[in-house]
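Structure first, commentary second.
Rule-based calculations on the coordinates, nothing more; no lab input. Keep in mind the model is a prediction, meaning the values are calculated, not measured. Don't worry about glycine lacking a Cβ; one is built from the backbone with ideal geometry, like all the others, and counts go over all protein chains shown.
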Amino acid sequence: MIPKERIEHNVEVRVRAGVKVVLEESLTEEMTEYLKAGYRERTPTRRDECNDHYQRNLVTTMGKIGRLEVPPMGRRSSSSKPASRESV
């Protein structure tokens, strides 16, 4: 029989991994929506550039989510930054 603590640990690890994927996809989608263009996509309505991602750790009640890939903010002013980026 598998110990209860091991099962709980495995569940926590999987939850953190799932949260990481959802956050990264959400941040990338929000940045794409703000830029009005996808990664390396050139469009007439493109608002700014998004060069690469940087890593950041996020501490949650389920533990630390390490190496969260966050898109950079480019050259825009702080008043035009997407809301979810400010909270990460």
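Rounded to the nearest whole Hz, the Karplus-based 3J(HN,Hα) values (6.51 cos²θ - 1.76 cosθ + 1.60, θ = phi - 60°) of region 19-36 follow the sequence 5, 4, 4, 4, 4, 4, 5, 5, 5, 5, 5, 5, 5, 4, 5, 5, 6, 6, with x at glycine and proline. The Cβ shell under 14 Å around ASN57 holds other residues with a net charge of +3, Lys and Arg each +1, Asp and Glu each -1.
Using r as the Cβ-Cβ distance of ALA17 and TYR54, and R0 as 25 Å, what FRET efficiency do you calculate, to the nearest 0.05? Approximately 0.80, to the nearest 0.05.
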